[in-house]
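S.K.: What follows is a single structure, and I will ask about it in a moment.
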Amino acid sequence: MKKELKFKKASLSKNDAAAITNAASKFKCDIQLYHNNKKVNAKSLMGVLAISLSLRCGDELMITAEGADEAKAIAELAEFFA
């Protein structure tokens, strides 16, 4: 399952990145974030921080998830980028 969305914040702080990884870690499914030809594990703080450095308002990104709770995971994580 995947969801494409536009980033609607000015930037993504390190606290935001930590909140994303904490939220992603509670799901059993595999969750990936894609931005500017980069793919990172949403459960990896270093990965989410790497994407946050280049993420700007209006940029497109994609969240993918595979596993039992994929729909719920994507719905919850999408809220962090809206």
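Any read-out appearing in this document is the output of simple, stated calculations on the displayed coordinates, not a laboratory observation. None of these values were measured; they are calculated from a predicted model. FYI the Cβ positions are ideal-geometry reconstructions off the backbone, even for glycines, and counts take in every protein chain you see.
S.K.: Given the criteria of a type outside the set (Phe, Trp, Tyr), at negative phi and either loosely packed, with under 14 Cβ neighbours inside 10 Å or part of a strand (DSSP E or B) (or both), does residue 72 qualify?
M.R.: Working: of a type outside the set (Phe, Trp, Tyr): yes; at negative phi: yes; either loosely packed, with under 14 Cβ neighbours inside 10 Å or part of a strand (DSSP E or B) (or both): yes.
Here the answer is yes, as residue 72 does meet what is asked.
S.K.: Could you please let me know if residue 70 is of a type outside the set (Lys, Arg) and closer than 18 Å to residue 6 by Cβ?
M.R.: Details: of a type outside the set (Lys, Arg): yes; closer than 18 Å to residue 6 by Cβ: no.
Taking the combined requirement at face value, the residue does not satisfy it.
S.K.: Something else now. What's the number of the only condition in (1) of a type in the set (A, V, I, L, M, F, W, C); (2) outside any loop (DSSP other than H, G, I, E, B); (3) touching an Asp or Glu at 6+ places or on another chain (Cβ under 8 Å) that residue 40 fails to meet?
M.R.: (3)
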